Amino acid sequence: MTNTKIPVKSYILNTLCIALLYAVMMAGVDGKFITRYAQGIIITVCINIILAVSLNIATGFLGEIALGHAGFMSVGAYTAALFTKHMEITTKTPNAWVYLLVALALGGLVAAAFGMLVGIPALRLKGDYLAIITLGFGEIIRVLIEYVPFTGGAQGLKSIPKIAKLPVVFWVTIAVVVILFTFVRSRQGRVITAIREDDIASEAVGINNTYYKVMAFVVSAFFAGVAGGLYAHYVGILGAKTFDFNKSIDILVIVVLGGMGSLTGSIIAAIGLTVLPEALRGFAEYRMLIYSVALIIVMLFKPSGLFGKYEFSLSRALSNIFKKGKAGNQPKGTKGGSAA
Amino acid sequence: MSEAKSVLRTENLGITFGGLKAVQNLNIDIREGELMGLIGPNGAGKTTVFNLLTGVYQPTSGKIFLNDKEIHAKKPHDMVRQGVARTFQNIRLFKELTVLDNVKAAFNGSMKYTTLEGVLRLPRYWKEEAEIDRKSRELLALFGMEGLADNIAANLPYGQQRKLEIARALATNPKILLLDEPAAGMNPTETAELMEAIALIRNKYKLSILLIEHDMSLVMGICERLVVIDYGQVIATGLPAEIAQNKRVIGAYLGE
Ligand SMILES: Nc1ncnc2c1ncn2[C@@H]1O[C@H](COP(=O)(O)OP(=O)(O)OP(=O)(O)O)[C@@H](O)[C@H]1O
Ligand SMILES: [Mg+2]
């Protein structure tokens with residue numbers, strides 16, 4: 001249901017809302033309501049949102065199970081970190097965020113290149129080859145990182161400038177979410193979901209399945225790389241072990257829980273599954289248990305995930321409220337003005 | 001009829017699965033604007049012919065000519081670009097997409113805006129999306145389905161799903177349309193409506209149509225020429241009236 005006229009009202013509304021969110025958040029930081037610790041949680045939430053929405057493109061919208069998202073994240077993380085280290089960026093460098101953006105773009109591109117390398121052979125075939133190949137990729141990349149010298153090997157890559165501060169992380173996350181929303185609502189996104197629905201029918205209406213499947217997977221890998229770049233510059237130290245199979249599964253759980261094919265769901269689930277374990281910090285070792293139980297409950301009561309394929313729309317929600325309000329005041333039942 | 005140009009022609013086309021000769025020595029020639037019926041009993045190889053003509057299967061023998069040019073080992077999406085569109089015997093829609101998006105997805109080949117233009121919502125995105133929206137609704141209106149545009153395809157009644165599949169095939173702007181038992185499972189009224197719609201689109205788009213139908217009486221009415229196959233081989237070709245009298249055809253249908 002793409003709108004074919006520019007929905008100006010909805011654009012303004014969403015922009016205002018995001019600006020408000022940012023203003024409140026920064027006021028909280030200035031007023032010390034949001035502590036350093038809380039800022040860290042928000043940054044982690046943001047990184048997890050990027051990881052989840054990007055994986056959702058491959059797994060939810062294209063419908064291919066991918067088990068190596070942490071692998072693409074690590075490629076992006078190391079690439080971005082090596083770049084800023086090479087440029088000798090520090091937290092004191094003026095406009096360090098500009099270098100960070102360049103680093104993120106590089107991290108995304110290298111991750112995307114790996115995505116293409118993995119995706120082309122796997123996605124040409126029918127069946128769940130991608131699951132197997134991405135699983136292998138995730139493990140191989142981890143071993144490779146420990147093996148090659150320039151990644152710091154098993155000791156890890158240290159003293160990465162911690163330049164991923166809250167504002168830049170926030171805006172990058174917003175940008176990624178907006179980009180992926182517009183992506184899935186363009187002709188490319190439509191074709192990708194059509195392939196998921198029926199890959200024989202999609203070929204039969206002239207869609208080059210392999211091309212669009214690889215496109216979806218590469219987009220997915222690119223943003224996993226971006227998330228990795230942010231992560232590297234937030235924690236300041238990288239070890240290959242961080243990006244193991246469990247990490248890939250954690251991201252997959254967020255996507256499945258939120259709803260495969262719903263970006264809104266991924267965002268909500270990413271927030272929930274990041275904040276909840278923090279709130280229950282005393283039970284850190286039960287994290288996997290909480291994940292499993294949450295997943296089982298959702299699968300029992302709502303197998304399509306919390307949001308299914310539903311997307312939240314602010315302008316739609318408001319116009320619904322608006323209409324209801326009006327209907328109450330309009331005994332004659334004339335048509336209420338409907339907002340876009 | 002014989003002066004009309006050939007659109008799709010086969011020469012000794014055949015395919016074997018293991019030892020089974022599903023189709024052999026098939027010679028058919030569909031002309032511009034022609035409505036040809038392909039009939040035959042269960043398992044005769046009709047759907048297999050479609051799969052050969054649309055690149056789903058690669059023939060083990062023989063040749064296919066499109067507009068008198070031989071084509072080699074094309075993938076299904078290439079065949080669509082060349083103007084060969086089809087529907088499926090067991091309906092294949094994009095089930096969870098809306099009726100409108102089902103048709104729009106098929107217009108993808110005629111859209112040009114790049115991923116970047118789409119993501120950044122540049123002018124070409126708005127222009128092409130508006131155009132495809134209009135065209136898709138027009139196509140739906142042709143089948144009396146404009147009011148269903150926002151429904152999920154899977155929720156449509158059976159007869160409407162069949163029509164949607166045809167509308168979607170038309171969105172690829174074909175020269176020839178292959179319909180695999182489009183009336184299967186429809187009641188007589190729905191069938192009559194469908195046949196009317198098929199006649200209409202054929203005139204409007206100057207299409208050639210190859211129609212598979214199980215029910216001989218049904219195709220007799222609308223097809224100009226019939227090809228009858230049994231056990232993968234053509235057993236008769238000709239005008240409906242001739243076919244109705246043909247002893248081999250009657251035999252095949254009575255199961256001799
Ligand atoms: N991919 C395949 N592998 C093996 N055998 C096949 C394959 N496709 C079709 N066949 C066989 O080829 C023969 C012809 O099948 P086809 O589906 O073309 O018949 P049909 O004329 O369309 O029948 P129906 O009227 O039942 O739709 C059948 O015996 C079928 O089992
Ligand atoms: Mg058949």
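Nothing in this text is a laboratory measurement; each read-out follows from the coordinates by a stated rule. Computed from a prediction, not measured in an experiment: that's the story for all the values here. We place every Cβ from the backbone using ideal geometry, glycine too, and count neighbours over all the protein chains shown.
Here are some notes:
- Coil-residue trypsin sites (Lys or Arg not before Pro) of the stretch B:1-63, DSSP, other Cβ within 10 Å capped at 13: B:Lys5
- Dipole magnitude of the stretch B:189-256, debye to nearest 20 (Cβ charges: Lys/Arg +1, Asp/Glu -1, about Cα centre): 320
- Residues whose amide H lies under 5 Å from that of B:Val23, counting only those 5 or more places away or on a different chain, are B:Ile15; hydrogens are built 1.01 Å from N in the peptide plane.
- Fluctuation leader among A:Gly127, A:Gly136, A:Gly63 - chain A, Gaussian network, Cα springs under 10 angstrom: A:Gly127
- Both the radius of gyration and Dmax for chain B are 19.0, 65 Å, in that order, over alpha-carbon atoms.
- Debye intensity ratio in log₁₀ form over the Cα atoms of the stretch A:52-100, taken at each q of 0.18, 0.23 Å⁻¹: -0.67, -0.80
- 3J(HN,Hα) from dihedral phi, the stretch A:250-259, Karplus parametrisation 6.51/-1.76/1.60, rounded to Hz, x for glycine, proline: 3, 5, 4, 4, 4, 5, 5, 5, x, x
- Applied to the stretch B:140-152, the Karplus parametrisation 6.51 cos²θ - 1.76 cosθ + 1.60 on θ = phi - 60° returns per-residue 3J(HN,Hα) values of 4, 4, 4, 9, x, 10, 4, x, 9, 3, 8, 6, 6 Hz, with x for Gly and Pro.
- Rg/Rh (Cα only; Kirkwood hydrodynamic radius) as it applies to the stretch B:95-173: 1.01
- Per-residue Cβ neighbour rank within 10 angstrom, fewest leading, A:Met260, B:Met145, B:Met220: B:Met220, B:Met145, A:Met260
- Highest-fluctuation residue, B:Val234, B:Val80, B:Val119 considered, GNM on chain B with Cα pairs under 10 Å: B:Val119
- In the protein assembly as shown, one over the average inverse separation of all distinct C-alpha pairs is 27.0 Å, which is the Kirkwood hydrodynamic radius.
- Based on the convex hull around the alpha carbon atoms, the stretch A:62-179 presents an average projected area of 8.2 nm².
- In this structure, the amide hydrogen of A:Leu67, modeled 1.01 Å from its nitrogen in the peptide plane, lies closer than 5 angstrom to those of A:Thr134, A:Leu135, counting only residues at least 5 positions away or on a different chain.
- The orientation-averaged projection of the convex hull spanning the C-alpha atoms of the stretch B:1-57 amounts to 4.4 square nanometres.
- Where N is the number of residues in chain A, Cα Rg divided by 2.2 N^0.38 Å: 1.05
- Per-residue [θ]222 nm for chain B (sum of -39500 (n - 2.57) over DSSP H runs n ≥ 4, rounded to 500): -11500 deg cm²/dmol
- Calculated FRET efficiency for the pair A:Phe245/A:Phe150, C-beta based, R₀ 22 Å, to 0.05: 0.35
- Computed from the C-beta positions of A:Ile140 and A:Lys323 and an R0 of 45 Å, the FRET efficiency is 0.25 to the nearest 0.05.
- Euclidean distance between Cα centres, the stretch B:181-227 to the stretch B:20-58, Å: 16
- Under the combined filter of DSSP loop state and at most 14 neighbouring Cβ atoms within 10 Å, the stretch A:88-165 retains these trypsin sites (Lys or Arg not before Pro): A:Lys92, A:Lys126, A:Lys158.
- Computed from backbone phi with θ = phi - 60° and the Karplus coefficients 6.51, -1.76 and 1.60, the 3J(HN,Hα) list for the stretch A:82-99 is 5, 5, 5, 5, 4, 7, 6, 7, 10, 5, 8, 4, x, 6, 4, 5, 5, 5 Hz; x is used for glycine and proline.
- When the alpha carbon gyration tensor of the stretch B:149-256 is reduced to an equivalent ellipsoid, its three semi-axes come out at 28, 16, 12 angstrom, largest first.
- Taking the Cα centre of chain B as reference, the dipole from Cβ charges on Lys and Arg (+1) and Asp and Glu (-1) amounts to some 680 debye.
- The calculated FRET efficiency for A:Tyr129 paired with B:Ser61, based on their beta-carbon distance and R0 = 45 Å, is about 0.90.
- The stretch A:1-65: proportion of alpha-carbon pairs further apart than 17 angstrom, %: 65
- Counting 0.36 nm for each residue step from B:Asp150 to B:Leu120 and taking away their Cα separation leaves a gain of 8.3 nm.
- Fully extending the segment from A:Met299 to A:Tyr37, taken as 0.36 nm per residue of separation minus the present Cα-Cα distance, adds 91.1 nm.
- Shown here for the stretch A:1-83: trypsin sites (Lys or Arg not before Pro) in loop regions (DSSP other than H, G, I, E, B) with at most 16 other Cβ atoms within 10 Å, namely A:Lys5, A:Lys32.
- The stretch B:133-185: translational diffusion in µm²/s, Stokes-Einstein, Kirkwood Rh over Cα pairs, 37 °C, 0.692 mPa s: 282
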